[in-house]
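Below: one structure, written as structure tokens.
Every read-out reported here was derived from the displayed coordinates using simple, explicitly stated rules and does not represent laboratory data. This one's a predicted model, so the numbers in the text were calculated from it and none came from an experiment. Cβ atoms come from the backbone with ideal geometry, glycine included; neighbour counts cover every protein chain shown.
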Amino acid sequence: MKNLRKINFKSYWPFFCLLVIIAIGHYLRFYNIENTFAFGWDQGRDAWEVRDILDGKHSLKGPRVGVGDFYLGPAYFYLLAPFYFLTDGDPMAANYFNMLVNVFNTTMLYFVVSRLLSTRSGLIAAFLFSVSSYAIGKTMVPWNVSPIPGLSILIFYGLFRVSQNSVPWIYYLSFLSGFFLHLHFTAIFLPLIYLPVILLVKSKKLFLKHFLFSIPLFLIWLAPTIIRDVGMSHDNFFRLKHFIRDYFIGFHLQFMLYRLPDSIIQIQAFLGSSLGFMKFLVLPLFMLLFFFEKDRKLKKLGLLVPLWFVVPLIGFTLYGGPISDYYFFLNFSIVLLIFVYFIEKLLVPQGKIGFVIAALLVALFAYSNTKDLWTKTSSGGLSAQKQQATEALASGTRLEYQEGDIVSYIYLTMLERK
């Protein structure tokens, strides 16, 4: 008790606030999830792949890319494997893993934004992520896209530190970029986002030296894909080659203007449909504020942030196929950073009035995004899919393996237990 009295609990208030924010975000995402969220093709595929790993069939094939039918690295499946092992193959394992992923996402947002702006800003960013209906919809799904917000903001921070001449962060960037390639194909944009940062580094020779030494940390993540491709007669290489042949259309200015609304779709997703018309104003306003920014450290944010929108825009201008909103999910965390920066620079300096306005805006955002999410009525979900498998087993109906079919996976798991 004497030791407890010596602890200054006031200094830990951000930690306790963060715990509350994480709890709110997890309630909105995962309360009663087994009875409300049904597994789709992606979750069924993941379950079958993890089953093979636990059976000793250590595949080096990762998730299949929707735009080109080639494969990513397998790290996501191996991260899922311990959870499937501990639950004896129960698909709820994917949800348990996703809960930890969202702790990571929220914590990384707090960590990065609090260091770039302030502790208060970090908590606001974490809270906005926890209550954003768009973020909830994307990260409550147990899939390989869920870790992107936390990973992308951590990479952004590493890039910022490198621009501040903290060269050892290059090693973190190489490692995290390689890991990103196991989650989503948009990791291919990262090298182009990094490239202009070289201009901000004072010692170019020191940068080049550490960059060359960091390459193995990136290549180690490519090793599983390369080894598998060599053993599979370069199957993935030819899939990628066919993808480029079918969808690469070259650069066309008119098509880039067509893609422009897509490049800022995460801003629209954050604002919601009622304020979506403001999406074109957000980045210009952000750049205008940075034109008058006096803090030299923050000045560089004004150079880094636009890269996360411009590079994907150019990349998808070269691609002639269909795209989905989550292809730009890597900049959702940057969108949160932008809006928190607006609060810090436009409202907080106005004193108590600005603070009250900021609090009301955040509260209004939370209410409008979560008003329909606090109560969740059971509507089937994974529990209904388990019931289908149970009924098939009880009736003697045989369910054959189908890739992406979670019911057949549950059926076989139950059959083996029996």
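About its Cα centre, the dipole of the stretch 6-129 is roughly 740 debye, where the only charges are +1 on Lys and Arg Cβ and -1 on Asp and Glu Cβ. Of the peptides 397-403, 116-122, the ranking by mean beta-carbon count within 10 Å, highest at the top, reads 116-122, 397-403. Computed from backbone phi with θ = phi - 60° and the Karplus coefficients 6.51, -1.76 and 1.60, the 3J(HN,Hα) list for the stretch 294-308 is 8, 6, 5, 4, 6, 3, 6, 4, x, 8, 7, 4, x, 4, 6 Hz; x is used for glycine and proline. Since only 250, 408, 277 are under comparison, the one whose Cα sits farthest along the positive direction of the charge dipole of the chain, derived from C-beta charges on Lys, Arg, Asp and Glu, is 277. If you keep only loop residues by DSSP, which chymotrypsin sites (Phe, Trp or Tyr not before Pro) in the stretch 192-285 have at most 11 other Cβ atoms within 10 Å of their Cβ? When the chymotrypsin sites (Phe, Trp or Tyr not before Pro) of the stretch 192-285 are filtered for loop state and at most 11 Cβ neighbours within 10 Å, 251 remain. Which entries in 299/352; 138/376; 300/352 show an alpha-carbon gap greater than 20 Å? Distance filter (> 20 Å) returns 299/352; 300/352.
Each of 338, 263, 30 was scored by the projection of its Cα onto the charge dipole of the chain, and the greatest displacement toward the positive side belongs to 338; charges sit on the C-beta of Lys, Arg, Asp and Glu. Toward the positive end of the charge dipole of the stretch 32-110, with +1 on the Cβ of Lys and Arg and -1 on the Cβ of Asp and Glu, the farthest Cα among 73, 110, 100 is that of 73. Per-residue extension of 0.36 nm, minus the Cα-Cα distance of residue 248 and residue 54, leaves a gain of 66.0 nm for this segment. How much net charge surrounds residue 221 when only other residues with a Cβ under 15 Å from its Cβ are counted (Lys, Arg +1; Asp, Glu -1)? That sum, taken over residues with Cβ under 15 Å, equals +1. Cα centroid separation, the stretch 296-373 to the stretch 147-223: 22 Å. Using every alpha carbon pair in the stretch 63-368, what percent of pairs falls into each 10 Å bin from 0 up to the bin containing the largest distance? Spelled out bin by bin, the stretch 63-368 gives 6, 24, 34, 25, 9, 1, 0 percent. Positive contributions from Lys and Arg (+1) and negative ones from Asp and Glu (-1), summed over other residues with Cβ under 15 Å from the Cβ of residue 315, come out at 0. Summing Cβ point charges (Lys, Arg +1; Asp, Glu -1) relative to the Cα centre of the stretch 63-368 gives a dipole of roughly 1200 debye.
Could you please report the charge total around residue 417, scoring K, R as +1 and D, E as -1 over all other residues with beta-carbon less than 11 angstrom from its beta-carbon? Here the charged neighbours net out to -2. Sorting 82-89, 140-147 by their mean Cβ neighbour count within 10 Å, with the most densely packed peptide first, gives 140-147, 82-89. Sort the stretch 96-187 into rounded, prolate or oblate with this rule: let a ≥ b ≥ c be the square roots of the eigenvalues of the Cα gyration tensor; rounded if a/c is under 1.5, and if a/c is not under 1.5, prolate when a/b is larger than b/c, oblate otherwise. Oblate shape, in that a/c is at least 1.5 and b/c is the bigger or equal ratio. The chymotrypsin sites (Phe, Trp or Tyr not before Pro) of the stretch 18-55 that meet both conditions, a loop assignment by DSSP and at most 16 other Cβ atoms within 10 Å of the site Cβ, are 31.
Taking amide H as placed 1.01 Å from N in the peptide plane, residue 71 has its amide H under 5 Å from the amide H of 65, each at least 5 places away in sequence or on another chain. Of the trypsin sites (Lys or Arg not before Pro) found in the stretch 50-84, those that fall in a DSSP loop while having at most 15 other beta-carbon atoms within 10 Å are 57.
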